[in-house]
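Structure, as structure tokens:
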Amino acid sequence: MSSLGVSEDSLPIVAALADLNSGADASQRIRSFVRRESRITHAQQRAFVELWSRFGIDTGAARLDLEQVFGRRGPLVLEIGFGDGESLAAMASADPQTDYLGIEVHRPGIGHLLLRAAELQLGNLRILCADAVEVLERQLPAACFDRIQIFFPDPWPKVRHHKRRLIQQPFIALLAHKMKPDGQLLIATDCVNYAHSILNLLNATPELRNMVDGGGFAPRPSQRLLTRFEQRGRRLGHRVWDLAFARRAE
Ligand SMILES: C[S@@+](CC[C@H](N)C(=O)[O-])C[C@H]1O[C@@H](n2cnc3c(N)ncnc32)[C@H](O)[C@@H]1O
């Protein structure tokens, strides 16, 4: 363990993130989200009280033992920014042999997923309510995910807000570090310049290979179900760009 309280295998990544935030501590970091607490319903609030101990994982500095969390060692999928979690719940329900970990900061969405997880009696889903950057840095072990999925990260379309975009080079390095060899990274966005920025960044990441011959965008992956954000985009006639990368074996 280092003096930062992280294992040595995370140190290059921590250094890269420190570069991104130029020495900022966690409270000064430029976040990829703005917390909106206003519209949480009573049922969602109650779900935190009654269901968190069943599906939730508390955040902290300690590395998570995911085998202990799920009570088994199965294929493991991480979803970052699951929104209302409907598509994540459906995925977990249809694929009981795989364990699903969801990270989100929006409490109404988490409350919604807690209720759905209880309704579907999902034994293979766990939820973290925290900034995914911090959870990845502090709590998740290296090379543990078979798949990481980020569907419709906040686009932050104004140029002056691009610095808030989640998918930037140090974050990609962090994701790659947490993927198993040959593990997959699936991303979708309906924001054209974000799509091209992500494609360029991923193609330039030595640890990753584009699963598409020619290095372009991917066809819609079968695993990606319709999310609430995509549904809204469809009504507005938005196009979607998919990206599919794999962690190089060595
Ligand atoms: C545009 S929404 C898309 C939600 C969902 N994936 C969908 O397609 O309906 C992006 C989501 O990412 C979450 N988010 C943004 N930054 C995050 C972070 N650093 N850690 C965890 N969640 C984050 C937001 O709270 C929001 O719910």
Subject >> All positions within the stretch 77-105 that are touching a Lys or Arg at 6+ places or on another chain (Cβ under 8 Å) and part of a loop (DSSP other than H, G, I, E, B) >> reply: GLY83, ASP84, GLY85, VAL105
**OP:** Could you run through the stretch 171-192 and say how many residues are within 20 Å of CYS144 (Cα to Cα) and within 16 Å of the ligand (Cβ to nearest atom)?
**Re:** 9
**OP:** Return the total of residues in the stretch 106-132 being open to solvent by 20 Å² or more (accessible area, probe 1.4 Å) and assigned to a helix (DSSP H, G or I).
**Re:** 6
Original post:
Under the condition of being within 9 Å of the ligand (Cβ to nearest atom) and out of contact with any Gly (no Cβ under 7 Å at 6 or more places or on another chain), which residue from the stretch 83-105 is most open to solvent (accessible area, probe 1.4 Å)?
Top reply: GLU86
Original post:
What is the number of the single condition among (1) at pLDDT 95 or above; (2) more than 26 Å from SER222 (Cα to Cα); (3) touching a strand residue (DSSP E or B) at 6+ places or on another chain (Cβ under 8 Å); (4) β-branched (Val, Ile, Thr) that VAL49 does not meet?
Top reply: (3)
**OP:** For residues that are more than 23 Å from ASP58 (Cβ to Cβ) and of a type in the set (Asp, Glu), scanning just the stretch 120-166, find the one that is farthest from the ligand (Cβ to nearest atom).
**Re:** ASP146
**OP:** Kindly establish whether ALA195 is more than 16 Å from the ligand (Cβ to nearest atom), buried (at least 17 other Cβ atoms within 10 Å of the Cβ) and not in a strand (DSSP E or B).
**Re:** no
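Okay, residues lined up against (1) modelled with pLDDT under 95; (2) part of a helix (DSSP H, G or I); (3) farther than 16 Å from SER87 by Cα; (4) open to solvent by 50 Å² or more (accessible area, probe 1.4 Å):
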{"residue": "PRO170", "(1), (2), (3), (4)": "no, yes, yes, no"}
{"residue": "ALA176", "(1), (2), (3), (4)": "no, yes, yes, no"}
{"residue": "LEU186", "(1), (2), (3), (4)": "no, no, no, no"}
{"residue": "LEU199", "(1), (2), (3), (4)": "no, yes, yes, no"}
{"residue": "GLY214", "(1), (2), (3), (4)": "no, no, yes, yes"}
**OP:** Could you grab me the full set of residues in the stretch 207-233 that are hydroxyl-bearing (Ser, Thr, Tyr) and either at positive phi or in contact (Cβ under 8 Å) with a residue 24 or more places away in the chain (or both)?
**Re:** THR227
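The values are calculated or read from the model by the stated rules, or taken from the named source; none is laboratory data. Quick caveat, the model's predicted, so the values are computed rather than measured. Backbone-built Cβ (ideal geometry, glycine too); neighbour counts: all protein chains shown. Just so you know, the surface numbers come from the protein's heavy atoms only, side chains and all, with ligands and any DNA or RNA stripped out. Shrake-Rupley method; radii C 1.70, N 1.55, O 1.52, S 1.80 Å.
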